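This report refers to the structure that appears directly beneath it.
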Amino acid sequence: MRIFYIIFTFISVFSLYPKIIPIFLSFDSDDPSISDESSFAIVKNDKKINKKALPVSNAVFSSDNSYKKSLKYKNGEYKGDIADAYYGYVQVKIIVEGNKVSDIKFLKFPNSNRNSMYLSSKALPYLKQEAIQAQNGKVDVVSGATYTSRAFIRSAKSAFLKALN
């Protein structure tokens, strides 16, 4: 009976997650194109692509946030694209005043049931605050509201891009 469970587990894991096998194979130690710390592998469309990575010692880091100072948005209101959050849709509108994002309004958000309303009420204010503080759509995903967070990020990024042009 144990053998049955072992075989069943093995088959179910590798049939449900077929992308796992190429990832493990991409780090084969016998492959001369992959060294331990100076490269990484990307699996895209079931093809392994090796990329050489810069060692951290060669990277240049800036301690100031000069890149944020160079971002200037045109004043106005900009609607983001409608993004699917699985349990509903998210669409945001950013309001730019003084070449900075001053507010983000939610035109659409998941509210079809109690759970969606609860998650939206907890996650969206946090995402809004983080996006205004960052002055871009690059915010962290809220745990427990992953789909809503990803949809917010997609909609916000499209609105920020519209504000730049």
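Qualifying trypsin sites (Lys or Arg not before Pro) in the stretch 94-138, where qualification requires a DSSP coil assignment and no more than 12 other C-beta atoms within 10 Å, comprise LYS138. Qualifying chymotrypsin sites (Phe, Trp or Tyr not before Pro) in the stretch 63-165, where qualification requires a DSSP coil assignment and no more than 13 other C-beta atoms within 10 Å, comprise TYR86. Ordering LEU71, LEU119 by the number of other Cβ atoms within 10 Å of each residue's own Cβ, fewest first, gives LEU71, LEU119. The modelled label-to-label distance for the pair SER112/ASP140, using points 7 Å beyond Cα in the direction of Cβ, is 3.0 nm. Please give the residues of the stretch 109-124, grouped as numeric ranges, whose backbone N is less than 16 Å from a label point set 7 Å along the Cα-to-Cβ vector of GLN133. Once the point is set 7 Å along Cα→Cβ of GLN133, 123-124 turn out to lie under 16 Å by backbone N, inside the stretch 109-124. In terms of other Cβ atoms within 10 Å, ASP81, ASP103 run from fewest to most in the order ASP103, ASP81. Residue pairs exceeding 19 angstrom between C-alpha atoms, taken from LYS122/LYS162; LYS122/LYS157; LYS79/LYS122; LYS72/LYS157: LYS122/LYS162; LYS122/LYS157; LYS79/LYS122.
Assuming R0 = 45 Å, what is the FRET efficiency of ASP84 and ILE7, from their Cβ-Cβ distance, to the nearest 0.05? Efficiency, rounded to the nearest 0.05: 0.75.
Rule-based calculations on the coordinates, nothing more; no lab input. Being a predicted model, the structure only gives us computed values, none of them experimental. Ideal geometry is used to build each Cβ from the backbone, glycine not excepted, and the neighbour counts take in all protein chains shown.
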